Structure formats: C-alpha cells, structure tokens
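Reading through the structure tokens given below for one structure.
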Amino acid sequence: MKNLVLMTTAGCHLCEVAEGIIVSSLVQDCVVEAQDIAQSDALIEQYGVRIPVLVCENSGQELGWPFDADQLLAFVAQLPGS
C-alpha cells in the first residue's frame, strides 16, 4: 500500500482541482489523506506557497503542482511499495 498525503488548505482552488485529479485517477493500492497546512506553522513554512503538493509518507518524495493524471500515475508508479 502506498500512503500519500495531499498538502492542502481550505479555500484553495488549485487544491480542489488536484483532489479531483487524484480521486479520478489513482489506483486501489494507494491511500490518500488530506493534510491542512494551516494546522501547523512548520507546514505553512514548508508548503505555504507551493500547495497543492502530494507527498509519499514512506519515501518523502513529492509531486508538486501543476500535475495532470498522467504525471500523477507516473509519480505513483515509481514510488516504492510497502
């Protein structure tokens, strides 16, 4: 199972678009959790001007916006499985 975290925040239009791509594209061996960066000063510092960002919990690899379905699937395919 590949555990991914979508760095996001409320009212972010690009985050909503990214979430739509993720929901419509990802395969069954992935679990995606949304993380609102507004809950942490450290996350705001790290991701505040870059969201949405999809982060692999296992490897720390990131897929930054902009991305489309093909780029998302390529990113997930090269991630290590757990």
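The values are calculated or read from the model by the stated rules, or taken from the named source; none is laboratory data. All values reported here derive from a predicted model rather than from experimental measurement. Positions of Cβ are backbone-derived with ideal geometry, glycine not excepted, and every protein chain shown enters the neighbour counts.
Quick notes on this one:
- Enumeration of residues in region 41-57 that are under 14 Å from the mean Cα position of the chain (by Cα) and among the hydrophobic types (A, V, I, L, M, F, W, C): 43, 51, 53, 54, 55, 56
- Just one of the listed residues (38, 18, 34) is more than 11 Å from the chain's Cα centre (by Cα) and modelled with pLDDT of 95 or more, and it is 38.
- If you go through region 25-72 and keep only what is among the β-branched types (Val, Ile, Thr) and under 10 Å from residue 6 (Cα atoms), you end up with 32, 37, 51, 53, 55.
- Selection of first residues in region 55-70 that are touching a residue at least 40 places away in the same chain (Cβ under 8 Å) and of second residues that are among the basic types (Lys, Arg) and part of a strand (DSSP E or B), restricted to Cβ pairs under 8 Å at least 6 apart or on distinct chains, gives the following pairs, ordered by first then second residue: 56/2; 58/2.
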